[in-house]
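The values are calculated or read from the model by the stated rules, or taken from the named source; none is laboratory data. Everything numeric in this text was worked out from a predicted model, so none of it was measured. Cβ placement follows ideal geometry from the backbone for every residue including glycine, while neighbour counts extend to all protein chains displayed.
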Amino acid sequence: MTEPLPDRFGAFPSRAPMPYGSSSSSSLADILERVLDKGIVIAGDIRINLLDIELLTIKLRILIASVDKAKEMGIDWWEHDPSLSSRHTGSPLEQENRRLRAELEALRRDRADEQEPAERTAERRDSSGTTARERPQ
Amino acid sequence: MSTGREPLTYVYAVARRTDRLAVLLAGLRGIDRAPVTLLTEASDSSPAPLAFVTSHVPHEAFNESALRAHFEDLEWLESVARAHHEVVQAVAAEQTVLPLRMATVYQDDDRARQALGEQRSTFARRMAAVDAHTEYGVKIYLPPPAPAEPPAGAPAAEADPAAPTASPGKAYLQRRRVQHRARERTYEQAQRAAATLDAIAARYAVGRVRHAPQSGALTGPQENVLNDAYLVPDEEARDFRAAVAQAAGDFPEIRIEITGPWAPYSFAMPPAESSAPTEGERAP
């Protein structure tokens, strides 16, 4: 995310005599507003059609607008969108949990592979035996 | 084309081809630092034919699905938006320009030329409408809500007798009331400022587009309550700006900000046409 430009506030008097001053001093919000929303629309070959642009602009508005407010409204799609959020991977605890699950899964698979040559039926019998033993009777 | 490897033609704006513009563009770089060129269409035989201001962009980054993804990447969007904007502003500094919406992309130069030819009369009309005019943005901001302490200028009669003796609840309510009144005053000022700006616009501007007020991270803590764009004839620009600056001085409790000069982004499309933008598609 880009910082708001700090010198925006006093920009007017100093820029008055210089027409079309460097656009780097224009705020990103102003530029996006004009460049995305406005301008003449002609259909390109490859295009985000108008509706898409509007939807994207709305999404962006929320993004560059107050994230907190959007969350209050229950709009938090970017949190779960891997392309947008570094947080989508979850907290360290969640990550560890996921890693452990993956490991467990891998171990299970390894075990299954080992048993493969020794006949599938044997495995089934074995596992049913286990459950039978665990069942309180 | 099916390989999708050839670069695409990105169009920034419509302008008229002149020698001066060609020289200016020679020193300009667009998206990804690509050289910016003018595309004209053969059938336009006027001395200053309408031209697309274009550059080539990589297919990988600007095909439909890539664009879709990129449009939600604020960093990418900023760099492309700024590049787009810089090209448009550079042309606008030299002559009349019709800015195109960001990410108008054609398969190749020939397709872009064809599109230019199809819509030449529309472009010519819009160019005439914004010729020798410049866009300015005017915004009104309210200061962030006052802190809990009563402001220095708070009416002494209210604050004084209450402060030492009042119960915490009463003091709280009184503080709230002072805050509330200050807020009311600010809103009232904003309203009068907006009326003043209307009067200024009536004198100097020929068009107005009302943008949605901006809010949040990119705007700072102040609340934006008015976000207008005005189309001002160039010979009135100085007076217009002076009048807005004067108004800013007259309303000290709010902030009036003027931005620009901008290329006429907000006026490139006539208001009526903006709801039927794809009609050019249907043309053969």
### Task
Count, please, the residues in the stretch B:202-259 that happen to be charged (D, E, K, R) and either assigned to a strand (DSSP E or B) or on the phi > 0 side of the Ramachandran plot (or both).
6
### Task
Tell me, yes or no, whether the stretch B:118-129 has at least one residue that is among the basic types (Lys, Arg), more than 18 Å from A:ILE46 (Cα to Cα) and more than 8 Å from every other protein chain (Cβ to nearest Cβ).
yes
### Message
Under 8 Å between Cβ atoms, which residue pairs at least 6 apart in sequence (or on different chains) link something in the stretch A:33-45 that is within 17 Å of B:VAL97 (Cβ to Cβ) and of a type outside the set (Val, Ile, Thr) with a partner that is modelled with pLDDT of 80 or more and in a loop (DSSP other than H, G, I, E, B)?
### Response
A:LYS38/B:ALA268; A:LYS38/B:MET269; A:GLY39/B:ALA268; A:GLY39/B:MET269
### Query
Out of all the residues in the stretch B:30-51, which are part of a strand (DSSP E or B) and either outside the structural domain of B:ALA112 (by TED's automatic domain parsing) or without any contact (Cβ under 8 Å) to a residue 24 or more places away in the chain (or both)?
B:PRO35, B:THR37, B:LEU38
### Query
For the stretch B:52-87, what are the residues that are over 15 Å from A:SER26 (Cβ atoms), acidic (Asp, Glu) and in a helix (DSSP H, G or I)?
B:GLU60, B:GLU64, B:GLU75
### Query
Which one of these is of a type outside the set (Phe, Trp, Tyr) and over 20 Å from B:ALA124 (Cα atoms): B:ARG82, B:ARG101, B:ARG16?
B:ARG82
### Residues of the stretch B:95-124 classified as β-branched (Val, Ile, Thr) and farther than 18 Å from B:MET269 by Cα, total
1
### Message
Here's a check for you: in the stretch B:92-115, which residue that is touching a residue at least 40 places away in the same chain (Cβ under 8 Å), touching a helix residue (DSSP H, G or I) at 6+ places or on another chain (Cβ under 7 Å) and of a type in the set (A, V, I, L, M, F, W, C) is farthest from the other protein chains (Cβ to nearest Cβ)?
### Response
B:VAL97
### Message
Within the stretch B:16-34, does at least one residue satisfy the condition of being closer than 23 Å to B:HIS133 by Cα, in contact with a helix residue (DSSP H, G or I) (Cβ under 6 Å, 6 or more places away or on another chain) and not basic (Lys, Arg)?
### Response
yes
### Query
Within the bounds of the stretch B:8-22, is there any residue that is under 23 Å from A:ILE46 (Cα atoms), polar (S, T, N, Q) and touching a Leu at 6+ places or on another chain (Cβ under 7 Å)?
no
### Query
Which of the following residues is more than 7 Å from chain A (Cβ to nearest Cβ), modelled with pLDDT of 95 or more and under 17 Å from the mean Cα position of the chain (by Cα): B:VAL87, B:VAL80, B:VAL36, B:VAL53?
B:VAL87
